[in-house]
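All remarks here apply to the structure that follows.
The values are calculated or read from the model by the stated rules, or taken from the named source; none is laboratory data. Note that this is a predicted model, so its numbers are computed, not measured. Heads up, the Cβs are rebuilt from the backbone with ideal geometry, glycines too, and the neighbour counts pull from every protein chain shown.
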Amino acid sequence: MARFDGFSAIGLAGAAVAVAPVLALAVIAMQGDGASFGHVLNYVAGDAARETIALLAGVAACVLVVGVVAAWIVTAYEFPGRRAAEVALLLPLALPAYVLAYAWLDLTHPIGPLQTALRGALGYANPADLRLPDLRSLPGAVFVFGLSLYPYVYIGARAAFQSRISAQVEAARLLGARESGVFFRVALPLARPAMAAGAALALMETLNDIGAAEFLSVTTLTTTVYATWINRSDLPGAAQIALAMLWIVLTLVFVERWARGARGYAPEGARRHNPARAVGGPAGIGLLALALAPPALGFATPAVHLARQAAQRVAANGFPPEIAQAALNTMVVALAATVICVVGALVAVAGRRYEPTSLLRNGLLKLSTLGYAVPGTVLAIGLLSVLGGFDSVLRAAFAALGAKPPGLLLSASVFAVVVALTIRFFRLAVAKIETGFERLPLSLDHSARVLGRTPFAMLREIHLPLLTPSIAGAALLVFVDCMKELPATLLLRPLNFETLSTQLYGEAARGAYENGAVAACLIVLVGLFPVAFLTMVGSARAIEATRPRTTAELDGAREAA
Amino acid sequence: MHAPAPVLAFENVRHAYRDKIALRGVSLDVRAGEIVALLGPSGCGKSTLLRVAAGLERQSAGRISIAGRTVADARAFVTPEKRGVGLVFQDYALFPHLDVAANVAFGLARPAGETARATTTQMLRRVGLAARAHDYPHMLSGGEQQRVALARALAPQPAVLLLDEPFSNLDQGLRRDMRNQTMALLKESGAAAVLVTHDPDDAMAVADRIALMRDGLIVQMGAPADIYDRPVDPFVLRFFSEVETLPATVAHGEATTPIGRFPARGCADGAAQACVRKTAFSIARDGALPASVRAVRFLGERQAARIEIAGLKSVLEIALPARETIRPGTTLSLAVDPAGVFVFPAAASLHEERARP
């Protein structure tokens, strides 16, 4: 029944858009001459590569230790405040690493609140008399990234500890294993795939970041790509470094894929009641303090600081108009990308569902979701190459017609930003909508077809109304991620076009901390929505596991619609 | 009398999924107003045949025609929405976001006019759910959902109605009612109906003809009584009743078995197998077969007795009416009803083991 119709055509367009930047990178990188590549490798990218590897290693260790220990504390023990700690541990997800870095830099500045208070307590008058180690260093960056990204490991490890593992842990305890033995010999090995997958995602985020590294004066491959393009206008050089980054990403993707496959031996079964050990008194308070430490440092402290700074700023000068403009710009860009992502994902996923055996449609769907793994800077450089090509064609066309050739039409434009965001976050929408579709039995499709509906009519009359909650979820996730995105937006935006994230970046890079806090606060506020969503989905999934798939269950979808 | 032209015709239909052959050449005609049951164990290809007829799957070879028009062959393929067939699913597949009336009206012409509304009301009245028109599917019981599914499929007056295990989600008592109601509705509609089931009781109760399938082929086709009384092989026999298999020797059209001599038409001389229904035995004062009782189990209307017979090493299990008093250790005198004994060539037992439904 495989036919080439509208579904295939849209899928093909999506896949082409997603793959073009990566292909262009390879082409551009080959244009640079060998000598320049040697220069880039030896003098520019070499140090950056070493520093990047060191940063990745440090972040991996940090997120694994924090994430796993936190997950173990909230699943293996029952103590006062455990449930609150379980949710609080998710909060750093609302803070992008660059916002966290921004806040902590301000906090630990020699004349910032922390050091001033410390000097006051110790009786020093002069900032020069008491010097704390500078946050702008590799260890400082590991600290910030670790605090920001440990939830990726925490979520996976907690799910693993909660599900089948609890039975094994129970068995191990009955067999007389000691506490440490249970953790190291039973729980940890079983949670290994979840940990590896989480750590791989955290490292992809680290590699993607441009703001935190820049603020903390760490020279990573990402900041090098940016500098090579912005300061030296060397597109082939930037493309070469970007390609090198893709190799690291590829490794991480393989680790993540492998880990997901290996989860087979510790499947996320129906959640069981935990064999949690009740701990009260001072020991319980100790556990609570331990569990609350990461969100305190990774969310509460910086968020409170940002809120106070922002409040002071607004109280003194009113709401800064440039932030209002940036917020509006952010909305426009994020909304446009969200709409394209959700509509595209709906068509692509539906197209595959209607012809599940079509290799074309499966392949196209896979290709069009590739962008999620590609760091924003790499994507932007690739896209610049593609759109630059379009621009030269356009200029030539204008010249041939005798008109005045325009400047850069596409390569630095709102359009380019929207395309980049769409490519990068398309997979989020696809994953969410796929999950929604999986809950609808195929017999619904078959009934609709036999009762006279074309695939498109079925999508409109049956699937759209039933998928409304999934579509809303997908839109929320994509919108928030678009809003927080920094590297691609930074590289592709037109002159004088600021979003909340680039506004924050600009001020922090200039060392001016004026309206940044207001922008940061807005980002954090919007970023809290998906965390709330995640918390609700977590509990909803537990309920779902106990219910059969019946028409009655589907009715929830109808009522939400 | 001239037989009417078939409404639904399969001609030598073959189909293979990526890694499995599902249909190996099936030919079948269904006439208007006729109900044909496709019966067989899971994986025999009966559901595939239904999907192919609906156009949800395109067969690898062969031809399908509906009301004289070819809907699928090597060149042509009519998509499901243009075939004008009705389909009822095991899980009913009611649209959860539409109320009962909207579900029933779904297959009718759009925009919904007076006629569509009238048809919907009439269909709902016929299935006894007129009062539930504005309820949503989840508010209905299983039997009510089944009736809505049937009304929805029949509302556009399809020439062909396909039913995929329509009774298997219902409990026993309800099931009997639904079989009768469904049969009445189908007969009233005059559609050519094909019902897929793995339950011989469903098939016998509803169908005019049964096509028994195994491994992608129709093994035997005929009226229920026909297929029950004259099974072509042990597989068909075992599908409808519990049997015991005994060794037999055939000579001159007669089989000699440890429980007596029986006619064996069409069997070559030599070793054979005799399959006897467990219910073929009865207690008779002048019975020819002495049997010693080893154990007895009470089963309600019947009782199962494990017996030993001279000349047979294994123990036989037979079914006897519950009112007879039988005690282990005693000897019975049994009679065997020849209508319950079937003699087959020995080699025909090839598929026996996987033949159980």
What tally of residues in the range A:201-219 results from selecting those that are more than 20 Å from A:Leu135 (Cα to Cα) and outside any helix (DSSP H, G or I)?
0
All helices (runs of 4 or more DSSP H) inside the range A:490-561 with 2 or more residues being closer than 30 Å to A:Pro465 by Cβ and either within 14 Å of another protein chain (Cβ to nearest Cβ) or modelled with pLDDT under 70 (or both)
A:516-545, A:551-560
What tally of residues in the range A:360-376 results from selecting those that are closer than 26 Å to A:Ala239 by Cα and of a type in the set (D, E, K, R)?
1
Please state which of the following conditions B:Arg18 fails to meet, knowing it meets all the rest: (1) under 22 Å from A:Ser447 (Cβ atoms); (2) of a type in the set (Lys, Arg); (3) touching a Ser or Thr at 6+ places or on another chain (Cβ under 8 Å).
(1)
Test each condition in (1) modelled with pLDDT of 90 or more; (2) not in a strand (DSSP E or B) for B:Gly43 and report the one that comes out false.
(1)
Looking at B:Ala203, B:Ala153, B:Ala184 in this structure, which one is away from every other protein chain (no Cβ under 12 Å), in a helix (DSSP H, G or I) and either in contact with a Gly (Cβ under 7 Å, 6 or more places away or on another chain) or farther than 23 Å from B:Val13 by Cβ (or both)?
B:Ala184
Assess whether B:Ala109 counts as being within 13 Å of chain A (Cβ to nearest Cβ), among the aliphatic types (A, V, I, L, M) and buried (at least 18 other Cβ atoms within 10 Å of the Cβ).
no
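Quick grid of which residues meet (1) touching a strand residue (DSSP E or B) at 6+ places or on another chain (Cβ under 8 Å); (2) surrounded by 24 or more Cβ atoms within 10 Å (Cβ to Cβ); (3) on the phi > 0 side of the Ramachandran plot:
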{"site": "B:Ala5", "(1), (2), (3)": "no, no, no"}
{"site": "B:Arg18", "(1), (2), (3)": "no, no, no"}
{"site": "B:Arg31", "(1), (2), (3)": "yes, no, no"}
{"site": "B:Ser47", "(1), (2), (3)": "yes, no, no"}
{"site": "B:Ala53", "(1), (2), (3)": "yes, yes, no"}
The lone condition A:Ser443 fails out of (1) surrounded by fewer than 15 Cβ atoms within 10 Å (Cβ to Cβ); (2) free of Cβ contacts under 8 Å to residues at least 60 places away in the same chain is (1)
Kindly provide the set of residues from the range B:53-103 that are more than 12 Å from chain A (Cβ to nearest Cβ), hydrophobic (A, V, I, L, M, F, W, C) and free of Cβ contacts under 8 Å to residues at least 12 places away in the same chain, ordered by number.
B:Ala76
If you check A:Ala412, A:Ala400, which single one turns out to be over 30 Å from B:Glu81 (Cβ atoms), over 35 Å from the mean Cα position of the chain (by Cα) and more than 10 Å from every other protein chain (Cβ to nearest Cβ)?
A:Ala400
Entirely in the range A:105-181, the helices (runs of 4 or more DSSP H) that have 3 or more residues that are modelled with pLDDT under 80
A:165-174
Can you tell me which residue among B:Leu140, B:Leu124, B:Leu161, B:Leu129 is within 18 Å of B:Ala37 (Cβ to Cβ), in the same structural domain as B:Gly40 (by TED's automatic domain parsing) and either touching a His at 6+ places or on another chain (Cβ under 7 Å) or of a type outside the set (Gly, Ala, Ser) (or both)?
B:Leu161
Select from the range A:385-416 the residues that are in contact with a helix residue (DSSP H, G or I) (Cβ under 7 Å, 6 or more places away or on another chain) and at pLDDT 85 or above and write down the one among them that is farthest from A:Ser233 (Cα to Cα).
A:Val414
Please enumerate the residues belonging to the range B:15-36 that are in contact with an Asp or Glu (Cβ under 6 Å, 6 or more places away or on another chain) and not in a strand (DSSP E or B).
B:Glu34
